[in-house]
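This report concerns only the one structure given below.
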């Protein structure tokens, strides 16, 4: 089994039925769609590769939904512009790009993040984790690994909320509660971020495979 296939299988389990996931290797990504190319025209080769692989994975997921493989240009806020009637999210690692897409009538927003299954560096702990998260980590047998999970979960939850808030904020604005036994994640707003109030939650899941820790969140359509 290829790493891309394994990552797809892990990521698919993070989302409800009807959501499609696809992964592409960064080794030999296809050229981006002409309307996408200007976004990375001046970027280094590694950035162009991850961008092209991410968009190719997103088109694979669109086709799995029975939709045409449309262009996904970058908006002024650098977020992907999804085809009308769809929502989605893209993540990149050093070797893979993973995309998730759903009909907007099912999911108002999605967020996915993939990180290497490696300990989070100690110098990032205080930047990423709140005091309550650090207390939870101190009770775990492998705190640096689960700190990496908290980082991944915050990245995925941020992507999920962004289409609604269009607001950039720091790691301290979300508090993550993982359930290691079930794979469930809860992201709670520690401060209000319109339209989310303090205490509002997003629900997600995590999985481990293909050398990665993956986190996914979905926001049901109203």
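The values are calculated or read from the model by the stated rules, or taken from the named source; none is laboratory data. Predicted, not measured: the structure shown is a model, and the values here were computed from it. Quick reminder, even Gly has a Cβ in these numbers, built from the backbone with ideal geometry, and neighbours come from all protein chains shown.
Quick notes on this structure:
- Selection status of residue 27, farther than 28 Å from residue 147 by Cα and within 17 Å of the chain's Cα centre (by Cα): no
- Among the residues making up the stretch 156-188, those that are within 21 Å of residue 107 (Cβ to Cβ) and buried (at least 20 other Cβ atoms within 10 Å of the Cβ) are 156, 157, 158, 159, 160, 161, 174, 176, 185, 187.
- Scanning the stretch 69-94 for residues that are in contact (Cβ under 8 Å) with a residue 40 or more places away in the chain, buried (at least 18 other Cβ atoms within 10 Å of the Cβ) and more than 23 Å from residue 185 (Cβ to Cβ) turns up nothing.
- Selection count, the stretch 53-64, where residues are more than 17 Å from the chain's Cα centre (by Cα) and either within 16 Å of residue 9 (Cα to Cα) or crowded, with 24+ Cβ neighbours inside 10 Å (or both): 1
- Residue match in the stretch 27-39 (condition: in a loop (DSSP other than H, G, I, E, B), in contact (Cβ under 8 Å) with a residue 60 or more places away in the chain and closer than 19 Å to residue 159 by Cβ): no
- Among the residues of the stretch 88-107, the ones that are within 10 Å of the chain's Cα centre (by Cα) and farther than 11 Å from residue 11 by Cβ come to 3 in all.
- Matching residues, the stretch 41-63, being touching a residue at least 40 places away in the same chain (Cβ under 8 Å) and not in a helix (DSSP H, G or I): none
- Checking 20, 50 one by one, the residue that is at pLDDT 95 or above, under 17 Å from the mean Cα position of the chain (by Cα) and crowded, with 17+ Cβ neighbours inside 10 Å is 20 and no other.
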